[in-house]
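What follows is a short report on a single structure.
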Amino acid sequence: MMRKAKKALALALFMSGAAQAGTDLAPDEVLRGLINKIDSSYLTQSPQNLMMMPDNPAYLVAEEGEQLFKQARGPKNASLAQCDFGKGPGVLKGAYVELPRFFPDTGKVMDFETRLVHCMKTLQGFTDKDAAISKRHGANTDITKLTLYVAMQSNGLAWNPPLKHPLEKAMRDAGEVMFYRRAGTMDFSCATCHTATGSRIRASVLPNIHVPEEWTKAISWPAFRVGHDATRSSQHRVLECLWQMRYPNIRNGSDASIALISFWTDAARGQPAILPDMKR
Amino acid sequence: MFKHTSLAAALVGATAAILLSAPLATPAQAQITAQAGSTKKPVPLKTPHTTRGAPTSQEVLVMDSKGVRLATFSAAMLAEHLVLESDGFALDQPTQEGTTGRDRLTQDEIQRLCSIGKNGQVDEKTAARVSELAAASIKYPEGGIKLGDWKKGRELAWSGFGFRTAHNPDDHSKGTPGANCYNCHQLALDRTGGTIGPSLTGYGKLRGNSPDMLKYTYEVIYNPHAYFACTHMPRSGAKNILTQQQIADVMAYLFDPESPVNK
């Protein structure tokens, strides 16, 4: 699938990324650890993906993301080096698994993608009209590349979104209500598919939100979606589920989307993130 | 943990960001107004760190056109606000049935009663109400319940097309909306179906095709809550997902001895 040189480069990049993140475990080893811990037909449903994870095409996307991150760009000709993802300006290690969180400078609870866009606007001067910000869900968008680069630096670390600020708690709790809220043509809620162990839609085994070891894989985005031949984000997962649920379009970065992501991240609390993951 | 002043400052800015984009829904407004008259002072919130369990109410400062005041905001109220009042969804998006995204997201009574949280059991009273509503919704075909064409029914049962909107709306002029059975049910041994619902393989062979069995099956497809209050299964008749003829075709797929379901 990939040329050998590219593969070697990807592996080298991944090794350095893993070292930076302070965990010696590669994403596939994190997943194997979970598989050894519990009996889960969700975690084990794709031996092929497990085998391919060391050569995850997402590593190449992350490499481009690193270049973008460090490059001076936008009307203000600045890099993202000073972006504060919640652990201080420029601190990337462990930042991804501690989102969404409340940011005093905006007065809002923000998820990773919303915070990234905030930094691209304030530090680099991009606006909503710029493709760097407006293009969100594709494989080759700046947002996807940057997300992968930062997310990988939390690989193997436990999800730990802060719930200290009352608004963080309020958003998480509202997200829980939304998760169980039935609506749409077919009366679906998130809970329709994600509250039972081992049940399938067609041939796909579904993750159960009440089993944290399953749920950490479920929310480990960005991931390479084999069926899409593309890397996808958390916001994209929300979008796709709601499309299947016959809901209208959810606005990327809306408080509604962040409430859902707050709840689902809390549900994986304490379990190691698999970044990047590879999904069907 | 927080001092009064810093808590208030943080919350005024913060809640404003969530709550000011649109007027609050009526129930929320009422509750906030009731709180406004009280002399209660802002109290530091105990840091909520119960990471699981039922959502709780939050006392927060709300700032809107009526000024700043203390309000009790339940998770349910905030969720309703985020879904229907905060511009989080494309509420004006057209749907295939000629309504809007807002209509899709606005709950009817069955959806509301069946939005049960973690470990939630439907209590007897709720179940009775849901079943009563469901039974009342069922319309029967003139001339009685008959079986249609199992081959057409098979196509419908194995199709997930239809009524999706969001970023990629289904164009109903280019295809007939399906019945979506296969996503949740194993139907026949020739293809793999889902397991969210029970297996229906051998449906007609195991049950026979008595008038009572046909009536029961029609009712379950039309509105399954009549028998299974708060089931995951869609209301294919009551929500106009399938026509009566299409239900007859799907039933033929389940009952016809020639159908792969009974092979």
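Just wondering, is there one or more residues in region B:134-141 that are over 22 Å from A:PHE179 (Cα atoms), under 15 Å from the mean Cα position of the chain (by Cα) and at pLDDT 95 or above? Yes, there is a match, as at least one residue in region B:134-141 is over 22 Å from A:PHE179 (Cα atoms), under 15 Å from the mean Cα position of the chain (by Cα) and at pLDDT 95 or above.
Residues that are touching a Gly at 6+ places or on another chain (Cβ under 9 Å) and on the phi < 0 side of the Ramachandran plot within region A:122-135 comprise A:LEU123, A:GLN124, A:PHE126, A:ASP130, A:ALA132, listed in sequence order. Within region A:69-81, is even one residue within 30 Å of A:GLU214 (Cβ to Cβ), surrounded by 18 or more Cβ atoms within 10 Å (Cβ to Cβ), of a type outside the set (Ser, Thr, Tyr) and touching a residue at least 60 places away in the same chain (Cβ under 8 Å)? No, every residue in region A:69-81 fails to be within 30 Å of A:GLU214 (Cβ to Cβ), surrounded by 18 or more Cβ atoms within 10 Å (Cβ to Cβ), of a type outside the set (Ser, Thr, Tyr) and touching a residue at least 60 places away in the same chain (Cβ under 8 Å). For region B:230-250, which residues satisfy the criterion of being farther than 20 Å from B:ILE196 by Cα and in a helix (DSSP H, G or I)? Within region B:230-250, B:GLN244, B:GLN245, B:GLN246, B:ILE247, B:ALA248, B:ASP249 meet the criteria.
Check region A:204-215 and report whether any residue there is in contact with a Ser or Thr (Cβ under 8 Å, 6 or more places away or on another chain), facing chain B (nearest Cβ under 7 Å) and of a type in the set (A, V, I, L, M, F, W, C). Within region A:204-215, none of the residues are in contact with a Ser or Thr (Cβ under 8 Å, 6 or more places away or on another chain), facing chain B (nearest Cβ under 7 Å) and of a type in the set (A, V, I, L, M, F, W, C). Where helices (runs of 4 or more DSSP H) fall wholly inside region B:44-126, the ranges with 3 or more residues that are at pLDDT below 95 and either at the interface with chain A (Cβ under 9 Å from one of its Cβ atoms) or closer than 26 Å to B:ALA229 by Cα (or both) are B:75-84.
Which of the residues spanning region B:80-117 are within 19 Å of A:GLN235 (Cα to Cα), among the charged types (D, E, K, R) and buried (at least 19 other Cβ atoms within 10 Å of the Cβ)? Matches in region B:80-117: none.
Output yes when any residue across region A:182-201 is among the hydrophobic types (A, V, I, L, M, F, W, C), at the interface with another protein chain (Cβ under 10 Å from one of its Cβ atoms), assigned to a strand (DSSP E or B) and within 25 Å of A:ILE38 (Cβ to Cβ), and no when none is. Yes, that holds for at least one residue.
Scoring B:PRO169 on the criteria (1) crowded, with 17+ Cβ neighbours inside 10 Å; (2) under 24 Å from the mean Cα position of the chain (by Cα) leaves a single failure, condition (1). Looking only at region A:116-158, residues that are part of a helix (DSSP H, G or I), over 16 Å from the mean Cα position of the chain (by Cα) and under 22 Å from B:HIS167 (Cα atoms) come to 4 in all. Restricted to region B:127-153, and to residues that are outside any helix (DSSP H, G or I) and without any contact (Cβ under 8 Å) to a residue 12 or more places away in the chain, which residue is farthest from A:GLN244 (Cα to Cα)? Filtering region B:127-153 for residues that are outside any helix (DSSP H, G or I) and without any contact (Cβ under 8 Å) to a residue 12 or more places away in the chain, the one farthest from A:GLN244 (Cα to Cα) comes out as B:GLY143. If you check A:SER257 against the conditions, is it crowded, with 22+ Cβ neighbours inside 10 Å, more than 18 Å from A:LEU31 (Cβ to Cβ) and more than 9 Å from chain B (Cβ to nearest Cβ)? The answer is no for A:SER257. Determine whether region A:221-239 contains at least one residue that is polar (S, T, N, Q) and surrounded by fewer than 19 Cβ atoms within 10 Å (Cβ to Cβ). No, the conditions are met nowhere in region A:221-239.
The values are calculated or read from the model by the stated rules, or taken from the named source; none is laboratory data. Model, not experiment: these values are computed from the prediction. With ideal geometry, Cβ positions are generated from the backbone for all residues, glycine too; neighbour counts draw on all protein chains shown.
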